[in-house]
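*Asks:* Sharing a structure below in structure tokens format, with a few things to ask.
The values are calculated or read from the model by the stated rules, or taken from the named source; none is laboratory data. The model shown is predicted, which means the values in this text are computed figures rather than measured ones. Don't worry about glycine lacking a Cβ; one is built from the backbone with ideal geometry, like all the others, and counts go over all protein chains shown. We work out accessible area using only protein heavy atoms, side chains counted, and drop any ligands, DNA or RNA first. Shrake-Rupley method; radii C 1.70, N 1.55, O 1.52, S 1.80 Å.
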Amino acid sequence: MREYLLTLCITAAVTYLLTGPVRKFAIVAGAMPEIRARDVHREPTPRLGGIAMFFGLCAGLLVADHLTNLSEVFEKSNEPRALLSGAALIWLIGVLDDKFEIDALIKLGGQMIAAGVMVMQGLTILWLPIPSVGSVALTQWQGTLLTVALVVITINAVNFVDGLDGLAAGMVCIAAAAFFLYAYRIWYSYGIEAAAPATLFSAILMGMCLGFLPHNMHPARIFMGDSGSMLIGLVLAAGAISITGQIDPDALKLFAGSEKAAVHQTVPVYIPLLLPLSIIAVPAADLISAIVRRTWRGQSPFAADRGHLHHRLLEIGHSHSRAVWIMYFWSALIAFGSLAYSVNSASMWIVLGVVFLSAIGLVLLLLPRFTPRVPMWAQAIVPPRYRRRRPVAAESMESVDVEQRTPVAVGVAGVNGATALRARSHAPERPRAETSR
């Protein structure tokens, strides 16, 4: 555990320290597109944050290769090299898209090629545990197609949810934390060495997200762009493929009897990881709803719009930060709820706890719909949105400074962060009252 934590911390530190210089490079390189109709932010913000995240990934793998216990992962398995190869390819495609806005079909082809590169180096699904059937061995073509489909779905699910400051990085970090606990339990508790690569991938993924989040929280100083969202989606999918499709479920030996009975009783353990749709359930739901919505309207599934889940939260009345925290809450509830159910599926307290927290989440989700009348004596202790508004005189509305309504020009002067420059306002000085001196 100490070596995993050391790898996580170094990955986070490298990502955090490189994000600042990468931001300045993105501004100089012009990777700062104008604000589009579907964007939520109001000022042009540089992209290419995935550059820092990729070098954080490389640093984490390099450090793990020189540690005493984690170095065995590189000696016994080729999966870390397969991950690095696929990550380098998808990262390069993302960097080109952040700069030049390449076509969506070209990105889809690049995602499939990156998944194929990982398959060629051994990171693929070999068999699947199916309830009441047992472990079903897959042919080479079946394993390749399933692996490519899983990688493409996960990458696009993470990419679609990257619409608010800190949303994608935080949700993937939550999913990676739950995934790390599960993989570490399989590796440490049951002594299955095949789960070590997935544990390492999830630890590095947490470090990448934690190192980037301080720069990406609202108001964001830099965006990860497609170079970052596709990268963390691929790392998340690689961990799921490693632990789901290459570990024989009968190797757990949790139950005596036939392999079929063992798989049937370990369904709560493997179903959450068969397809990583439980740990990224919210991004996957957003992806499916977007495809259905756009296809129903006769549009391309890759056409951008403002119908994502985070856009709907803003339309309901949530603030930017509250919408992000609500998405965090649901991601954590689903991910850690699945993790707890996989540990002890017979506990009714886990089910009741998930139901209770779901009810709390629904209340928080619909909170802007309720505007109760607060008595006058409680006006000072409630949030401003629940206070009674006083009528504003027309004269005070006319005296608003014109400069406050002037939009910020596109360019370096309108960039979020420390380098944002703005001309000082020269308000006319008020006439001083004459004194009797």
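*Asks:* Keeping all protein chains in the complex and leaving out DNA, RNA and ligands, what accessible area do you get for TRP187 with a 1.4 Å probe, in Å² to the nearest 10?
*Replies:* 60
*Asks:* If you add up the charges near GLN121, with Lys and Arg at +1 and Asp and Glu at -1, over every other residue whose beta carbon is less than 10 angstrom from its beta carbon, what do you get?
*Replies:* 0
*Asks:* Tell me the Kirkwood hydrodynamic radius of the range 50-115 in angstroms, computed as one over the mean inverse distance between distinct C-alpha pairs.
*Replies:* Hydrodynamic radius (Kirkwood, Cα only) of the range 50-115 equals 13.1 Å.
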